[in-house]
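A.B. asks: Okay, handing you the structure first.
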Amino acid sequence: MTPRPAAPADTEALADVHASAFASPWSSEDIAQMMSARGAFGLVVDAPPGGIAGFILCRVIAGESEVLTLAVRPEHRRGGVGGALLTAAEAIASSTAKAMFLEAAADNAAAIALYESAGYVVVGRRASYYARPSGAGADAMVMRRALNS
């Protein structure tokens, strides 16, 4: 499983993957805007025989990198897609960044477990950061991993 660079032509498919993974998905326009931002890059794992299993969008600015989103279709979870995307993104970011940051919803145990297994530690918490249908927000766990150490 080798991630490939995300292309502008992928934005509709990426939005579809994001919608399968999150209750408040990003549109293809949102994704295109993120992909075109300064320091941004995206990676995709294709799903045989066609389609996309998952993707990650990141940016590197001022010696730090941030995971903007990592989305994996439910039917491809727990198969190494998320880990492969994260590892590949870290390799790209490590050429210019000293650390990688991300946010994960406190109620997303699977995501937190993935990040902790990759060496990320909680460095902060943003109260009620993520909207939920119930009206109560979920906290964001701010996580960090040193790169090149």
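Each value in this text was obtained by applying a stated rule to the coordinates, not by laboratory testing. Note that this is a predicted model, so its numbers are computed, not measured. Here the Cβ positions follow ideal geometry from the backbone for every residue, glycine too, while neighbour counts run over all protein chains shown.
A.B. asks: Looking only at strands (runs of 3 or more DSSP E) that fall completely inside the range 1-116, which ones have 2 or more residues that are exposed (fewer than 13 other Cβ atoms within 10 Å of the Cβ)?
C.D. replies: none
A.B. asks: Take the residues of the range 110-134 that are under 22 Å from TRP26 (Cβ atoms) and of a type in the set (A, V, I, L, M): which is nearest to the chain's Cα centre (by Cα)?
C.D. replies: Going through the qualifying residues, I end up with ALA111.
A.B. asks: Show the residue pairs meeting these rules: Cβ distance below 6 Å; 6+ apart or different chains; first residue within the range 95-114 and closer than 10 Å to VAL67 by Cβ; second residue among the polar types (S, T, N, Q).
C.D. replies: Listed pairs, sorted by first residue: MET100/SER65.
A.B. asks: A further question follows. Looking only at residues that are hydrophobic (A, V, I, L, M, F, W, C) and farther than 20 Å from GLU12 by Cα in the range 56-66, which one is nearest to the chain's Cα centre (by Cα)?
C.D. replies: Only one residue tops the list, namely VAL60.
A.B. asks: Collect the residues in the range 122-149 that are among the aliphatic types (A, V, I, L, M) and surrounded by 12 or more Cβ atoms within 10 Å (Cβ to Cβ), keeping them in residue-number order.
C.D. replies: Within the range 122-149, VAL122, VAL123, ALA131, ALA138, ALA140, MET141, VAL142, MET143, ALA146, LEU147 meet the criteria.
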